[in-house]
Amino acid sequence: AQRVTQPEKLLSVFKGAPVELKCNYSYSGSPELFWYVQYSRQRLQLLLRHISRESIKGFTADLNKGETSFHLKKPFAQEEDSAMYYCALSGHHGNKLVFGAGTILRVKS
Amino acid sequence: SAVISQKPSRDICQRGTSLTIQCQVDSQVTMMFWYRQQPGQSLTLIATANQGSEATYESGFVIDKFPISRPNLTFSTLTVSNMSPEDSSIYLCSVSESSNQPQHFGDGTRLSIL
């Protein structure tokens, strides 16, 4: 079965501090992993996908197949990073997504 | 990416009634999906809307409760039938331009049932 676990409901950090949002997954094949973000009063939008291997808004995420993880990282948090972050997995069964529970990131000034 | 319009944005309905939610895309897309987000919960896939054929439903969701139409490559509807308070959720449409492209989401429909 496909499962995505985000262990933290809320992560609160100070501006300028490093951020790591944890995501672990369970899937027997080769998954595709995504991070989606939802800012206040905005729609859910794609932040990163692991096959792109790019940095968006200073965020990066590396797929670690040994640890079945896809943690989202940013070296210096900014107040505008405050949002809900969802990790999601696609097992290539028609492109369907399985979402984690989400983590609220609060960046304090 | 495609521009997705979802209507209505919110509604308050009486129990026992039905509501149809529309999802319109400004370009042809291969795949369209419908998700539900119950209060305080994450997103759960209801079904994949297939153009010209019956939708593919996930475990726990049935066509009689959530009939879906997809008459062409730019439009889909989800109906929530015989609503009860447990159906109070945000319903989201998402699209993918092809099977190897990521999904993009509409603004969602916030539905409350009294």
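Among the numbered conditions (1) open to solvent by 90 Å² or more (accessible area, probe 1.4 Å); (2) in contact (Cβ under 8 Å) with a residue 24 or more places away in the chain, the only one that A:PHE34 does not meet is (1).
For B:VAL3, the stated conditions hold: it is under 23 Å from A:PHE34 (Cβ atoms), open to solvent by 40 Å² or more (accessible area, probe 1.4 Å) and at pLDDT below 95. Considered as a group, the residues in the range B:43-60 that are closer than 17 Å to B:ILE21 by Cα and among the small types (Gly, Ala, Ser) include one that is surrounded by the fewest Cβ atoms within 10 Å (Cβ to Cβ), and that residue is B:ALA55.
Any chance the range B:68-81 includes a residue that's facing chain A (nearest Cβ under 10 Å) and either on the phi < 0 side of the Ramachandran plot or surrounded by fewer than 17 Cβ atoms within 10 Å (Cβ to Cβ) (or both)? Taking every residue of the range B:68-81 in turn, none turns out to be facing chain A (nearest Cβ under 10 Å) and either on the phi < 0 side of the Ramachandran plot or surrounded by fewer than 17 Cβ atoms within 10 Å (Cβ to Cβ) (or both). Quickly run through the range B:95-114 and pick out the residues that are more than 8 Å from chain A (Cβ to nearest Cβ), within 25 Å of A:CYS87 (Cα to Cα) and in a strand (DSSP E or B). Of everything in the range B:95-114, those that are more than 8 Å from chain A (Cβ to nearest Cβ), within 25 Å of A:CYS87 (Cα to Cα) and in a strand (DSSP E or B) turn out to be B:VAL95, B:THR109, B:ARG110, B:LEU111.
Just to verify a result, which residue in the range A:23-58, among those that are of a type in the set (Lys, Arg) and within 29 Å of B:THR109 (Cα to Cα), is nearest to the chain's Cα centre (by Cα)? That would be A:ARG49. Before we move on, is A:LEU105 more than 10 Å from chain B (Cβ to nearest Cβ), in contact with a His (Cβ under 6 Å, 6 or more places away or on another chain), in a strand (DSSP E or B) and open to solvent by less than 10 Å² (accessible area, probe 1.4 Å)? Against the criterion (more than 10 Å from chain B (Cβ to nearest Cβ), in contact with a His (Cβ under 6 Å, 6 or more places away or on another chain), in a strand (DSSP E or B) and open to solvent by less than 10 Å² (accessible area, probe 1.4 Å)), A:LEU105 does not qualify. Among the residues of the range A:6-21, those identified as open to solvent by less than 70 Å² (accessible area, probe 1.4 Å) and either touching a strand residue (DSSP E or B) at 6+ places or on another chain (Cβ under 6 Å) or over 10 Å from A:PHE76 (Cα atoms) (or both) are A:GLN6, A:GLU8, A:LEU11, A:SER12, A:VAL13, A:VAL19, A:GLU20, A:LEU21. Against the definition (open to solvent by less than 30 Å² (accessible area, probe 1.4 Å) and either within 14 Å of chain A (Cβ to nearest Cβ) or under 18 Å from A:GLN45 (Cβ atoms) (or both)), how does B:VAL25 come out, yes or no? Yes. Is it true that B:THR48 is within 11 Å of chain A (Cβ to nearest Cβ), in contact (Cβ under 8 Å) with a residue 12 or more places away in the chain and more than 26 Å from B:LEU114 (Cα to Cα)? So B:THR48 passes the test.
In the set (1) at pLDDT 95 or above; (2) away from chain A (no Cβ under 12 Å), the condition left unmet by B:SER53 is number (1).
The values are calculated or read from the model by the stated rules, or taken from the named source; none is laboratory data. The structure presented is a predicted model; accordingly, all values stated were derived computationally and were not measured. With ideal geometry, Cβ positions are generated from the backbone for all residues, glycine too; neighbour counts draw on all protein chains shown. Only protein heavy atoms, including side chains, enter the accessible area calculation; ligands, DNA and RNA are left aside. Shrake-Rupley method; radii C 1.70, N 1.55, O 1.52, S 1.80 Å.
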